[in-house]
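The values are calculated or read from the model by the stated rules, or taken from the named source; none is laboratory data. This is a predicted model, so every value here is computed, not measured. Virtual Cβ from ideal backbone geometry, glycine too; neighbours counted across all protein chains shown. Surface areas here come from the heavy atoms of the whole protein model, side chains and all, with no ligands, DNA or RNA. Shrake-Rupley method; radii C 1.70, N 1.55, O 1.52, S 1.80 Å.
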Amino acid sequence: MPQSTPVRLFVASLPSTRLEFISRTLLIPAAILGVASLLLMAGGGDQWLADQLYRWQGNQWVLRDAWWTSHLLHKGGRNLSTFAALLVILGLVRTRFDARWRPLRKPLLYLLLAVALSTGVVSLLKSWTQMDCPWDLERYGGLRPFIGLLQARPISLGHAACFPAGHASAGYAWVALYFFMLQIRPQWRWPALAAALAVGAAFGIAQQLRGAHFLSHDLWSLAISWAVAALLSLWMFGPVTAPAPQAYTRLLNKGEAA
């Protein structure tokens with residue numbers, strides 16, 4: 001049966017080769033990240049924004065221990081991401097026992113791996129980069145001088161682990177939903193991506209208001225999460241050149257009918 005016009009348009013809008021996939025999903029975002037990093041990290045944008053937030057709170061981090069930033073968005077947000085991961089695991093378990101869910105096994109496995117790898121890479125980099133949080137810096141009432149990403153850190157300053165942003169990655173890791181939806185319900189890929197970006201941004205902004213991170217810390221967490229999700233999708237599924245398999249569509253349609 002020939003493909004309908006909307007399907008042909010959908011297929012034409014997706015990368016058809018690995019090189020095109022890498023160019024569109026990795027190289028272009030990497031260029032944007034490079035420019036943003038120059039503006040924020042080398043150009044002083046990070047400090048300018050943090051200065052405004054710090055001054056707005058009366059030259060102190062009043063919101064550091066506020067209920068909605070510390071408990072609702074920080075602790076609650078972390079628990080929400082963990083709960084979502086548990087739901088994915090339960091879905092994977094169901095694919096072992098329910099034949100109707102079996103077509104979702106690989107997409108669900110991809111989603112779980114992408115989230116775990118993204119947050120894991122961010123945590124690993126935090127232990128290597130040795131950058132302080134704003135609230136630790138002399139400029140914002142702390143005790144330490146600012147040491148840039150590529151500067152040598154004196155041993156006397158002790159350990160630091162604030163770059164990239166760990167908490168924001170708990171939200172941004174779910175940008176993998178974009179590639180997950182490409183496999184099962186392509187028309188949902190943009191709403192899924194928007195939701196993940198919104199959650200990650202909410203987590204990140206809350207931490208910036210607390211003095212825990214600069215904007216570039218969150219930006220790099222997003223970039224790492226997107227890169228991990230894209231590369232894992234390329235490895236597990238290849239460039240997407242066709243709409244979702246009929247098996248996924250039939251399963252989802254049954255769920256909606258129920």
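Search region 32-60 for residues that are over 21 Å from Tyr140 (Cα atoms) and pair each with any residue that is part of a helix (DSSP H, G or I) and modelled with pLDDT under 95 when their beta-carbon atoms are under 8 Å apart and the residues are at least 6 apart or on different chains. Filtered contacts from region 32-60: no entries.
Return yes when Arg64 is basic (Lys, Arg), part of a helix (DSSP H, G or I) and under 25 Å from the mean Cα position of the chain (by Cα) and no when it is not. Explain how you work it out, then say what you get.
Working: basic (Lys, Arg): yes; part of a helix (DSSP H, G or I): yes; under 25 Å from the mean Cα position of the chain (by Cα): yes.
For Arg64, the condition - basic (Lys, Arg), part of a helix (DSSP H, G or I) and under 25 Å from the mean Cα position of the chain (by Cα) - is met.
Can you find even one residue in region 50-72 that is among the polar types (S, T, N, Q) and within 17 Å of Ala201 (Cα to Cα)? Within region 50-72 (the criterion being among the polar types (S, T, N, Q) and within 17 Å of Ala201 (Cα to Cα)), the answer is yes, since at least one residue qualifies. Ile147 satisfies every condition listed in (1) under 21 Å from Ala42 (Cβ atoms); (2) part of a helix (DSSP H, G or I) except (2). With respect to (1) open to solvent by 40 Å² or more (accessible area, probe 1.4 Å); (2) under 25 Å from Ala206 (Cα atoms), the lone exception for Arg153 is condition (2). The set of residues in region 64-102 that are open to solvent by less than 40 Å² (accessible area, probe 1.4 Å) and closer than 27 Å to Met236 by Cα comprises Ser81, Ala84, Ala85, Val88, Gly91, Leu92, Thr95, Asp98.
Would you check if Gly91 is under 30 Å from Glu138 (Cα atoms), in a helix (DSSP H, G or I), modelled with pLDDT of 95 or more and touching a Phe, Trp or Tyr at 6+ places or on another chain (Cβ under 8 Å)? When the stated conditions are applied, Gly91 does not pass them.
Here's the yes/no breakdown for (1) modelled with pLDDT under 95; (2) part of a helix (DSSP H, G or I); (3) surrounded by 22 or more Cβ atoms within 10 Å (Cβ to Cβ):
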| site | (1), (2), (3) |
| --- | --- |
| Pro164 | no, no, yes |
| Val175 | no, yes, yes |
| Tyr178 | no, yes, yes |
| Gln183 | yes, yes, yes |
| Ala206 | no, yes, yes |
| His213 | no, no, yes |
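Condition check for Asn59 on (1) outside any helix (DSSP H, G or I); (2) on the phi < 0 side of the Ramachandran plot; (3) open to solvent by 50 Å² or more (accessible area, probe 1.4 Å): one failure, at (2).
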